Amino acid sequence: MSLQGNDNRGIRELGAEKKVGWDEVTQGVALNSFVGESENSAFLKAEERNYNDFNSYTATVASWRIIKPVYNRDICIDCQNCWIWCPDTSIISRDKQMLGIDYDHCKGCGVCVEVCPTNPKSLLMFSEAKDNNEALAGWPVKEKKVKN
Amino acid sequence: MAITSVKNLKEFSTNNDRFEGAHLLCPGCAHSMIVRELMNCTDDNLVISSNTGCLEVSTAVYPYTSWDTSWIHIGFENAATAVTGAEAMYKARKRKGTLKDPDAPVKFVAFGGDGSTYDIGFQWLSGAMERGHDFTYICLDNENYANTGGQRSSATPIGATTSTAQAGTHSYGKKEKKKDIVSIMAAHGSPYVAQLAPNKWKSMAKGFQKALETEGPCFINTVSACTTEWKFDPKDTIHVTDLATDSLMFPIYEIIEGHELNILYRPKNIISVEDYLGAQGRYKHLFKPQNRHVIEQIQKDIDDNWARLQRREEARI
Ligand SMILES: Cc1ncc(C[n+]2csc(CCOP(=O)(O)OP(=O)(O)O)c2C)c(N)n1
Ligand code: SF4
Ligand code: SF4
Ligand code: SF4
Ligand SMILES: [Mg+2]
């Protein structure tokens, strides 16, 4: 049995011609998140990054949704509750402002709606089939506190 | 180190997320809330490892990766081993002068589920802590082996029903109590250990930053509400976590150098544990008359633990 393939992967085999040191071993499977040299992405916004096709950012899970959040800018106070707790990196915030929902990555969990503190809420869940403008046109008005 | 501001959420939100969407974790899963926050609380380069579990299988589905930083997975039990190996290599190469950018700040972080942390990867974690590597281990504690269908782990609380400790006519679910992993890790002489929760985002971010800044092996147990196995509506992840911290089922605290215990969250109104248990399907059977005694036991354990934590905070020993 030939062990040739292992040479390229830097695995040391008895009798192999080229022996490599512990700090020269290359990975078994490696996926690069970005094209070319990876900058520290902490300093780049999503739109400034050179994403590789391997990065799940380039994929979508939109088909998971049966309900979706709709965002109403008129009531939003930019508190960023929805940003911190969205499990799918789907709240687009730039310069302390909430800009909207990334519908490619949102799974429709509804967490953002639950943590939105405004009255009425600035985010509400609707059927995936509902038109966003229609949803906004029928937005509920402020709920009065019921006194017991 | 380049820690980012956590003064308020608006400032925190100016960070550029390094954990990408279209991972395959369940809708409403708290694992990703915790991972996103860790990656947002520093601008440093990160070298991250994960044990096998929901986080790992959902963020590295070939041909995709959801990680914008270096990330490695080897096996179920060895996230601690993998990342401390990388840390040792990094230090050696720094000494040899073979690093391309020796001044770039780097932090080493391992993520493990409770199954891999409390049980199967326990000796590997213990070894890494004892060797004293400069890294932070974060346990995503959802109190069960979620990725394989919800088996009981030693982090599963007494009374919860799981696929291998099922409640039925003769059983109220798991019989044994949850392992106190925070004390065990503090006993390793770790300079910083803590228990944190994503609903209390600020104390979680500050705790993460402390662990990253502290030299040596740090350990953090995070409460990770699991909509699928705890059986609650995905929209309620933060609500259920609020009930967990307000009932003191999950007290939020840190232990510095093994003795300086600080309670990081004191609920204004401590709620009954019934409110927490009642919000989840996995505890439904406890409300039957014949199982009520288990709820009483859980409440008593919580009260005793809270008294113990407060005494330790005062005594500083
Ligand atoms: C040595 C070994 N044993 C068992 C498994 C199967 N396995 C894969 S993920 C998993 C459960 C993980 O549970 P946990 O660590 O709590 O993470 P969670 O999925 O709950 O986040 C198990 C048992 C494995 N991959 N390797
Ligand atoms: S519904 Fe869930 S995934 Fe979608 S934006 Fe809101 S919190 Fe994020
Ligand atoms: S939680 Fe509501 S108010 Fe706060 S930023 Fe999001 S949409 Fe706006
Ligand atoms: S099973 Fe639980 S921990 Fe796993 S992805 Fe689903 S919600 Fe998250
Ligand atoms: Mg688990």
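With a 10 Å cut-off around each Cβ of B:233-242, the average count of Cβ atoms from other chains is 4. Taking every alpha-carbon pair under 8 Å whose residues sit at least 6 apart, the range A:71-148 reaches a relative contact order of 29 percent. In the range B:49-82, burial by the other protein chains removes 50 Å² or more of accessible area from B:TYR64, B:THR65, B:ASP68, compared with the chain on its own (1.4 Å probe, ligands and nucleic acids ignored).
The simple Förster model, with R0 at 35 Å and r as the Cβ-Cβ distance, assigns A:TYR103 and B:GLN123 a FRET efficiency of 0.20.
Taken across both chains, chains B and A shield about 4000 Å² of accessible surface from a 1.4 Å probe.
Approximating the spin labels as points 7 Å out from Cα along Cα→Cβ, the A:LEU31-to-B:THR14 distance works out to 3.3 nm. For chain B, the relative contact order is 15 percent, taking Cα pairs closer than 8 Å that sit 6 or more residues apart in sequence and dividing their mean separation by the residue count. If you look at the Cα atoms of the range B:9-315, you get an Rg and a Dmax of 19.1, 68 Å. Here the contact order of the range B:195-317, divided by its residue count and restricted to Cα pairs under 8 Å and six or more residues apart, works out to 23 percent.
For the range B:230-294 versus the range A:86-145, the spacing of their alpha-carbon centroids is 28 Å.
Solvent exposure of chain B amounts to 39 Å² per residue of accessible area, where only protein heavy atoms count and the probe is 1.4 Å. The shape of the range B:103-155 can be summarised by an equivalent ellipsoid whose semi-axes, obtained from the alpha carbon gyration tensor, come to 25, 13, 6 Å from longest to shortest. The largest accessible area among A:CYS76, B:CYS218 belongs to the first residue in A:CYS76, B:CYS218, and the rest follow in falling order (1.4 Å probe, all chains). Here the Kirkwood formula, the inverse mean of 1/r across different C-alpha pairs, assigns the range B:65-131 a hydrodynamic radius of 13.1 Å.
Among residues other than B:ILE238 with Cβ under 13 Å from its Cβ, the summed charge is -4 (Lys and Arg +1, Asp and Glu -1). Going by accessible surface with a 1.4 Å probe and the largest first, A:ARG73, B:ARG18 read A:ARG73, B:ARG18.
Solvent-accessible surface, computed for protein heavy atoms with a probe of 1.4 Å, shrinks by 50 Å² or more for the following residues of the range B:1-42 when the other protein chains are added to the isolated chain: B:LEU9, B:LYS10, B:SER13, B:ASN16, B:GLU20, B:GLY21, B:ALA22, B:PRO27, B:MET33, B:ARG36.
Residues in the range A:61-137 average 43 Å² of solvent-accessible surface per residue, probe 1.4 Å, ligands and nucleic acids excluded. Summarising the overall dimensions of the protein assembly as shown from its C-alpha atoms, the Rg and Dmax are 23.0, 86 angstrom. The equivalent ellipsoid of the range B:227-317 has semi-axes of 27, 16, 10 Å, largest first, where each one is the square root of 5 times an eigenvalue of the Cα gyration tensor.
For the segment A:96-103, counting C-beta atoms of other chains within 10 Å of every residue's C-beta and taking the mean gives 2.
When the alpha carbon coordinates of the range A:61-137 are projected onto the principal axes, the ranges are 29, 27, 19 Å, largest first. The order of the peptides A:60-67, B:63-70 by mean Cβ neighbours within 10 Å, most packed first, is B:63-70, A:60-67. With the simple spin-label model, which puts each label point 7 Å out from Cα in the Cβ direction, the B:ASP103 to B:SER183 separation comes to 4.8 nm. Equivalent-ellipsoid semi-axes for the range B:164-317 (Cα gyration tensor, √(5λ), whole Å, largest first): 29, 17, 15.
Counting only other chain Cβ atoms within 10 Å of each residue's Cβ, the peptide A:56-64 averages 5.
Note on exposure: A:LYS144, B:LYS107 ranked by accessible area (1.4 Å probe, complete protein assembly) read A:LYS144, B:LYS107, with the most exposed listed first. Once the mean of 1/r is taken over each pair of separate Cα atoms and inverted, the range B:117-224 shows a Kirkwood hydrodynamic radius of 14.9 Å.
Taking 51 Å as R0, compute the FRET efficiency from the Cβ-Cβ separation of B:LYS202 and A:ALA137 and round it to 0.05. Here the calculated transfer efficiency is 0.85.
Whole-Hz Karplus values for the range B:32-41 come out as 6, 4, 5, 5, 4, 5, 4, 6, 8, 8 Hz, taken residue by residue from phi with 6.51 cos²θ - 1.76 cosθ + 1.60 and θ = phi - 60°; glycine and proline positions read x.
The values are calculated or read from the model by the stated rules, or taken from the named source; none is laboratory data. If you're wondering where the values come from, they're calculated on a predicted model, not measured in any experiment. Note that we place each Cβ from the backbone using ideal geometry, even for glycine, and neighbour counts take in every protein chain shown. All accessible areas refer to the heavy atoms of the entire protein, side chains included, with ligands and DNA or RNA removed. Shrake-Rupley method; radii C 1.70, N 1.55, O 1.52, S 1.80 Å.
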